[in-house]
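Report on one structure; see the data block that follows.
The values are calculated or read from the model by the stated rules, or taken from the named source; none is laboratory data. Source: prediction; values computed, not measured. As a convention, Cβ positions derive from the backbone with ideal geometry for all residues, glycine included, and neighbour counts pool all protein chains shown. For the accessible areas, the whole protein counts, side chains as well, though only heavy atoms, and no ligand, DNA or RNA atoms are used. Shrake-Rupley method; radii C 1.70, N 1.55, O 1.52, S 1.80 Å.
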Amino acid sequence: MATETTTPATEFVPGRRVLDYLPGVALLIAVGLLGKYTQIWVNDFAHDREWRFPDIEYVLWAILFGLIIANTVGVHRIFKPGIGTYEFWLKVGIVALGSRFVLGDVAKLGGTSFVLILVDMTVAGAIILVVARLLGLSGKLGSLLAVGTSICGVSAIVAARGAIRARNADVGYAIAAILALGAVALFTLPAIGHGLGLTDHEFGLWAGLAVDNTAETTATGYAYSEEAGKVAVLVKSTRNALIGFVVLGFGLYWAARGEADALAPGLRAKAAFVWEKFPKFVLGFLVVSALATVHWIDKAQLASLANVSKWAFLLTFAGVGLNTDFRELGRTGWRPLVVAVVGLVVVATVSLGLMLFTTRVLHWGVVD
């Protein structure tokens, strides 16, 4: 399997020249703007002719154009460093998005998300481990798929890699399966949400719970609506915060079996491990939200941060498409993909049921 599908996005590598990133970043901007203006052009074209045509968000157009490029002519190596930064722009966009929430909303929705995530993660993780064993996958590959599906996609898999001393082949299979399912969720969940008549808040909550990778979660939410995208990012950030604890649990399990490096004893060592795996951009989101809550950010600055977030996500969505090569994903083999499919279906179904129960029956986490 190619290196690009077995490692996370390059982001910014120390020692690499800034000029090395420019071609790829320029391509991200070009694809993102093409998606944005395609949405405007298609809507105007349909409106002038009084056609009934669904308003396809620029998110999907940008990803679609990226997918076409990546899976036809391919992406030349000169663009690789730049397009590999899409996860950096994702983090910038999430931090800037913190200005759109007050801490009360974060606490209310985040608390609801935490309860739902624990239930969803337990059910989905257990089922994925059972299915992986039934299909004859190695225990560590099953663990990686469970971590990636129930918590945070590629980031969680990479975080767990060293902790459970997984083979490079297992890591590559798990990442490829998660990326494939992320693409499926991106194009299917919004259609299902519209078919079920979900509100923007409900769909954002569902996307944040059901979609694995943070980039695909963000794109799925924004493909539904801007409000759904905001909620999806907040819920997914809550989910991301649990990476360290889950990876610690799997690390302790495999260490006890003598198949991973033992962690240093003591609570302090385990706390340091959790902190090392914790996604720091979540803290940036909370800091910006706190500054907005106490009105230390004025209206002009809020508008600027909103624009930063939109531009950063534009680059992210273009990068999602440009970094997805289905030819490489197809080399994974059918068994890891079957486990990932089961994981997606289970997580999506369980989280949908939990979301509808909490929002329509218990009225939890509904932010006015």
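Residue pairs whose Cβ atoms lie under 8 Å apart, separated by 6 or more positions or on different chains, with the first residue in the range 46-64 and of a type in the set (D, E, K, R) and the second surrounded by 18 or more Cβ atoms within 10 Å (Cβ to Cβ) and outside any helix (DSSP H, G or I), are Glu57/Ser225. Apart from one condition, Thr112 fits all of (1) modelled with pLDDT under 85; (2) among the β-branched types (Val, Ile, Thr); (3) over 16 Å from Ser237 (Cβ atoms); the exception is (3).
Consider Trp51 carefully, then state whether it is more than 11 Å from Leu322 (Cβ to Cβ), modelled with pLDDT under 95 and either open to solvent by 60 Å² or more (accessible area, probe 1.4 Å) or not in a helix (DSSP H, G or I) (or both). Yes; evaluated as a whole, the condition is true for this residue. Residue-level analysis places Val341 outside the set of residues that are surrounded by fewer than 21 Cβ atoms within 10 Å (Cβ to Cβ), among the β-branched types (Val, Ile, Thr) and free of Cβ contacts under 8 Å to residues at least 60 places away in the same chain. The residues of the range 29-48 that are farther than 22 Å from Lys310 by Cβ and open to solvent by 50 Å² or more (accessible area, probe 1.4 Å), listed by number, are Phe45, His47, Asp48.
Every condition in (1) open to solvent by less than 10 Å² (accessible area, probe 1.4 Å); (2) over 26 Å from Thr324 (Cα atoms); (3) not small (Gly, Ala, Ser) is met by Leu196 except one, and the failing one is (1). Of the residues making up the range 254-306, those that are among the small types (Gly, Ala, Ser) and within 15 Å of Lys91 (Cα to Cα) number 3. When each of Ser138, Ser155 is tested for being under 30 Å from Phe285 (Cα atoms), open to solvent by 10 Å² or more (accessible area, probe 1.4 Å) and out of contact with any Gly (no Cβ under 6 Å at 6 or more places or on another chain), the lone residue that passes is Ser155. Contact map, the range 241-265: residues that are at negative phi paired with residues that are of a type in the set (Phe, Trp, Tyr), Cβ distance under 6 Å, separation 6+ or inter-chain. Pairs shown: Gly244/Phe278; Leu248/Phe273; Ala260/Trp254.
Checked against the criterion of being closer than 27 Å to Leu205 by Cα, open to solvent by less than 10 Å² (accessible area, probe 1.4 Å) and aliphatic (A, V, I, L, M), the candidates Ile117, Ile83, Ile127 yield just one match: Ile117. Exactly one residue among Thr214, Thr188 is within 16 Å of the chain's Cα centre (by Cα), among the hydroxyl-bearing types (Ser, Thr, Tyr) and open to solvent by 20 Å² or more (accessible area, probe 1.4 Å), and that residue is Thr188. Based on what the data block shows, is Trp311 open to solvent by 50 Å² or more (accessible area, probe 1.4 Å), farther than 23 Å from Val247 by Cα and in a loop (DSSP other than H, G, I, E, B)? No; evaluated as a whole, the condition is false for this residue. Across the range 160-169, the number of residues qualifying as part of a helix (DSSP H, G or I) and surrounded by fewer than 23 Cβ atoms within 10 Å (Cβ to Cβ) comes to 4.
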